[in-house]
Amino acid sequence: MHLHILGICGTFMGGIAVIARQAGHTVTGCDTNVYPPMSTQLEAQGIRLIEGFGVEQLALEPDIWVIGNVVTRGKQPLMEEILNRGLPTVSGPQWLAENVLQNKWVLAAAGTHGKTTTAAMLAWILEDCGLSPGYLIGGVPMNFGVSARLAGTSVPDSPFFVIEADEYDTAFFDKRSKFVHYHPRTVILNNLEYDHADIFPDLAAIETQFHHLVRTVPGNGLIVANGREESLERVLRRGCWTPVERFGVNSGWHGENVTESSFDVHLGDALQGRVEWSLQGEHNRMNALAAIAAARHAGVPSRDACAALGRFENVKRRMEFRGEIKGVKIFDDFAHHPTAIATTLAGLRANVGGARILAVLEPRSNTMKLGVMKAALAASLKQADHVFCYSGGIDWDVAGALAPLGKQASIHADLGELVAAIAGAARSGDQVLVMSNGGFGGIHERLLRRLAE
């Protein structure tokens, strides 16, 4: 079968493309951002990429047009002509559900924060323990080097498939959250806060989508839920027909004897094992607890899961070390929500002690661009010694939002001026934490070059 994917350079749709190609299909695709690294990754898989959404692509005559949620009505001529001609279309999540996830033991990681890292941890635990799962993750797990695959080589027909379960909508013609298509047998509910202000009016609307997810989990499945989140408790009280194990609370999965590089894993009073690793922060311990619980449901002994996490190498763009020049270390992180920003900074602060932290932020997500979270932004950055914020393309008052930080914050609308300001302030021993959910104009490389001058 020939699939042509509209919006192929997004992480999710790019993963769909890789999986479809591995399954033996012919895959082509188009997008407005056809450039490395996604373009080179896809082309290495034998996938032809086309820039833009021109109607000339109709000449490809694929068997099915797979539509990403970047596509909207009235903006892409190709999409309009596909509709005019009544050509067969399907969303990415629906194609995945019908062609890959059928008859699989799906393990899904959902939540406002941490789902990429938690899904990567879970996939690695299963891999390290010989189960060779397929997976589709919204990032690149360093243990694997690719964001998606059908299954591993040691068990090519593995029944397990790990997926990052996103609450964002499916497509312009299907406004349900992506995750309702996946029908997981094991699901992690990591946390639940207000986000995606471009499509959800309030937290209650997102809770309804999570309730729909809960309704798809079978009675012989398992829900692994963050026991500290009242929003998730509200979701479960609306109806739950599946056993629930909670983490982050003493009655469920929790950590004890915590050090900077290790912690004991307990289920209630029973010791399950000890994790010794290089990751930092309470948020990563919570992610680990959820992954261990989910893996146990799939048959992995907890001690083996703990040992596997000792070999976990994290995900690209999650506190990824990008380089050190003249004693200044630069890290890259995907944090783009005030809670994630605060959590990431807290983890770095716990790791570096009194060293100066220079936080560099691009408010790029749809929610941040709308200014919905601006009132919480200053407080989320309080662990930083200095904050540099890029205000290019933002139409709300960034300076006003960060005013509570006083001279601790500086705002720049020009990327070159921002890089110069960071380089001018940085000194040996500083930790520079760059936070954005986009490419941020290649700021990491630009800053490394500037510091080397």
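Bear in mind these aren't lab numbers, they're just calculated from the coordinates by the rules spelled out. As the structure is a prediction and not an experimental result, all values here were calculated from the model. All Cβ positions, glycine included, derive from the backbone under ideal geometry; neighbour counts span all protein chains shown.
Two decimals, Cα atoms only, Kirkwood Rh: what is Rg/Rh over the stretch 2-91?
Working: Rg = 11.9 Å, Rh = 12.8 Å.
Across the stretch 2-91, the Cα-based Rg/Rh ratio is 0.93.
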Give the cross-link partners of Lys326 among the aspartates and glutamates, using a straight C-alpha distance below 14 Å as the criterion and excluding same-chain residues fewer than 8 apart. Asp430, Glu453
Mind ordering 14-21, 293-300 by average Cβ neighbours within 10 Å, highest first? 14-21, 293-300
Once you sort the root eigenvalues of the Cα gyration tensor of the stretch 53-186 as a ≥ b ≥ c, which label holds: rounded (a/c under 1.5), prolate (a/b larger than b/c) or oblate (the other case)? prolate
Of the candidate values (1) 39, 24, 23; (2) 36, 30, 23; (3) 33, 30, 21, the one computed for semi-axes √(5λ) of the Cα gyration tensor in Å from this structure is (3)
Positive dipole terminus of the chain, leading residue within Ser436, Leu358, Ser391 (C-beta point charges): Leu358
Using only helices, what value at 222 nm comes out for the chain when you add -39,500 (n - 2.57) per DSSP H run of length 4 or more and divide by the total residues, to the nearest 500 deg cm²/dmol? -9500 deg cm²/dmol
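Mind scanning Lys316/Lys407; Lys175/Lys382; Lys115/Lys374; Lys75/Lys316; Lys316/Lys382 and naming the pairs with a C-alpha gap bigger than 30 Å? Could you put the intermediate results ahead of the total?
Numbers: Lys316/Lys407 32 Å; Lys175/Lys382 37 Å; Lys115/Lys374 23 Å; Lys75/Lys316 32 Å; Lys316/Lys382 25 Å.
Flagged as over cut-off: Lys316/Lys407; Lys175/Lys382; Lys75/Lys316.
Could you size up the charge dipole of the chain around its Cα centre, putting +1 on the beta carbon of Lys and Arg and -1 on that of Asp and Glu, and report it in debye to the nearest 20? Walk me through the numbers on the way to the answer.
Numbers: 40 positive and 47 negative charges, 88 e Å.
Computed about the Cα centre, the dipole is about 420 debye.
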If amide H atoms are built 1.01 Å from N in the plane of the peptide, which residues on other chains or at least 5 residues away come under 5 Å of the amide H of Ser91? Ile67
By average Cβ neighbour count within 10 Å, what is the ranking of 119-129, 439-449 from highest down? 119-129, 439-449
Tail weight of P(r) past 21 Å, computed on alpha-carbon pairs of the stretch 326-406, percent: 25
Describe numerically, in nm with one decimal, the distance between label points set 7 Å from Cα along Cα→Cβ at Arg85 and at Arg215. 3.7
Under a point spin-label approximation (7 Å from Cα along Cα-to-Cβ), what is the Phe321-Leu415 distance to one decimal in nm? 2.6
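Counting pairs of alpha carbon atoms under 8 Å apart in space and at least six apart in sequence, what relative contact order in percent does the chain give? Walk me through the intermediate numbers first.
Details: 952 pairs, mean separation 50.6, N = 453.
It comes to 11 percent, rounded to a whole number.
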Which Cα, out of Met121, Val106, Ser177, lies furthest along the positive dipole direction of the stretch 93-199 (beta carbon charges, K/R +1, D/E -1)? Val106
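Would you list Tyr194, Tyr135 from fewest to most Cβ contacts within 10 Å? Mind showing how you got there, number by number?
Values: Tyr194 20, Tyr135 28.
Final ranking by Cβ density, sparse to dense: Tyr194, Tyr135.
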